[in-house]
Amino acid sequence: MKPYGMPARSLRARLFLLVAFSALLIMPCSVSGATPPPLPSLTLSISNDTLSGDEDLVISAAWSRDASFYRPPGSVDVLIYSISSGSPVAGYTILEDDRVAADDTTRYFRGTVPSSELPEGKLLLVATDPVSGAEARALIDVIEPGPDYPGVQAKRYAETAFFAVAAILLAVLVAGLGLLLRRS
């Protein structure tokens, strides 16, 4: 039912609107058929899946591509999560291993994580290629926490609190500057 005083739409206008709306619905479906390039392969290996407090964790990663167009990364990021709580424990960057010859399609990375900085319990290591986003995972079990873990954990909390306070202060300063500029 049309409102009073409004002319009725003609059949041509209705057909045009129907065709235009149909075209809008069909176009994105046919355009979104492109697929991203295949991800490179990232393989993670660890020195020992059970650690005590006196041995360090040696992490090795192998990056390879067959048909991928992603460039080789200069490093691999490793995040360590606690399985019991699901919270992040630590983050490390593993650099390329210069001792192993690398070509254009394969790169090797190697790094050491001090077990003194790890908490007790089962941990999940997630290695990520920062260029393509390819991931590899491994589980480790730390039998006893390292002697430096409480101090390292306190330092991480202090750094997090510092950055949070710095962000809040920056927001307050920007808001104050905005108020000063508005008044002048």
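The values are calculated or read from the model by the stated rules, or taken from the named source; none is laboratory data. Quick caveat: nothing in here was measured; it's all calculated off a predicted structure. Quick reminder, even Gly has a Cβ in these numbers, built from the backbone with ideal geometry, and neighbours come from all protein chains shown.
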What's the number of the condition Glu117 fails, among (1) in the same structural domain as Leu57 (by TED's automatic domain parsing); (2) at pLDDT 90 or above; (3) over 21 Å from the mean Cα position of the chain (by Cα)? (2)
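Identify the residue in the range 88-105 that is touching a Phe, Trp or Tyr at 6+ places or on another chain (Cβ under 7 Å) and among the β-branched types (Val, Ile, Thr) and, among all such residues, is nearest to Leu57 (Cα to Cα).
We begin by selecting, within the range 88-105, every residue touching a Phe, Trp or Tyr at 6+ places or on another chain (Cβ under 7 Å); these are 88-89, 94-97, 100, 102.
Okay, now just the ones that are also among the β-branched types (Val, Ile, Thr), so 89, 94, 100.
On the way: Val89: 15, Ile94: 12, Val100: 19 Å.
Going through the qualifying residues, I end up with Ile94.
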Count - residues of the range 71-105 that are crowded, with 17+ Cβ neighbours inside 10 Å and assigned to a loop (DSSP other than H, G, I, E, B): 2
Selection from the range 83-111 of residues that are at pLDDT 90 or above and of a type in the set (S, T, N, Q): Thr93
Subset of the range 111-132 (residues that are within 22 Å of Arg65 (Cβ to Cβ) and not in a strand (DSSP E or B)): Asp129, Pro130, Val131, Ser132
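Do you know which of the residues in the range 136-158 that are at pLDDT 80 or above and exposed (fewer than 15 other Cβ atoms within 10 Å of the Cβ) is farthest from Glu55 (Cα to Cα)? Reasoning before the result, please.
Quick first cut of the range 136-158, residues at pLDDT 80 or above only: 136-143.
Narrowing the set further to residues that are exposed (fewer than 15 other Cβ atoms within 10 Å of the Cβ) leaves 137, 139, 141, 143.
Details: Arg137: 21, Leu139: 16, Asp141: 13, Ile143: 11 Å.
Among residues in the range 136-158 that are at pLDDT 80 or above and exposed (fewer than 15 other Cβ atoms within 10 Å of the Cβ), the one farthest from Glu55 (Cα to Cα) is Arg137.
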